[in-house]
Amino acid sequence: MDKFEKMMSKMTEEERKKAIKANKKHCICPDCPTYNECAKEKGELFYCALGKSQACITKESGCICPACPITETMGLTKDYFCVRGTESQQRGMT
């Protein structure tokens, strides 16, 4: 079991919501080449935990997820969360 799996197995839903709120301020999605004006206007952020873009981002144009401070903190191993879904979804955990 890796860092992400351990963290997720120990967190309650309430703890998960608090972690999202606390970590959202570290989100670097707006600096990504894939992030677009539509996503900005709709305030979409934190795709790694909240899921892929609802309608704005459909094309992968470069990814900076590996450079995000949340990647190390949470033990993320995937990328392009805005198009492919959360870490859990990409791992087939949900």
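Out of the total accessible area of the chain (probe 1.4 Å, heavy atoms of protein only), what percent is carbon and sulfur? Intermediate values should be presented prior to the final figure.
Values: 2980 of 5900 Å².
In the chain, the share of accessible area belonging to carbon and sulfur is 51 percent.
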* **Extreme residue, positive dipole direction of the chain, given options 34, 57, 19 (C-beta unit charges)** => 19
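What's the local net charge at residue 28, with K and R +1, D and E -1, over the other residues with C-beta under 14 Å away?
Details: positive: 24, 25, 40; negative: 31, 44, 72, 79.
Result for the neighbourhood of residue 28: -1.
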* To do: Find how many whole Å separate the alpha carbon centroid of the range 23-46 from the alpha carbon centroid of the range 47-94.
  => 12 Å
* Compactness index (Cα Rg / 2.2 N^0.38 Å), the chain -> 1.03
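Treating the beta-carbon of each Lys and Arg as +1 and of each Asp and Glu as -1, no other charges, what is the dipole magnitude of the chain about its Cα centre, to the nearest 20 debye?
Numbers: 16 positive and 13 negative charges, 44 e Å.
It comes to approximately 220 debye.
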* Would you mind checking the pairs 42/78; 24/52; 3/78; 52/78 and listing those with alpha carbons more than 19 angstrom apart? => 42/78
* Against the longest principal axis of the chain, how steep is helix 13-23, in degrees 0 to 90 to the nearest 10, with axes from Cα atoms? -> 50 degrees
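The values are calculated or read from the model by the stated rules, or taken from the named source; none is laboratory data. These numbers come from a predicted model, not from an experiment. No Cβ is skipped: glycine too gets one built from the backbone with ideal geometry, and neighbour counts run over all protein chains shown. With ligands, DNA and RNA removed, areas are computed over all heavy atoms of the protein, side chains included. Shrake-Rupley method; radii C 1.70, N 1.55, O 1.52, S 1.80 Å.
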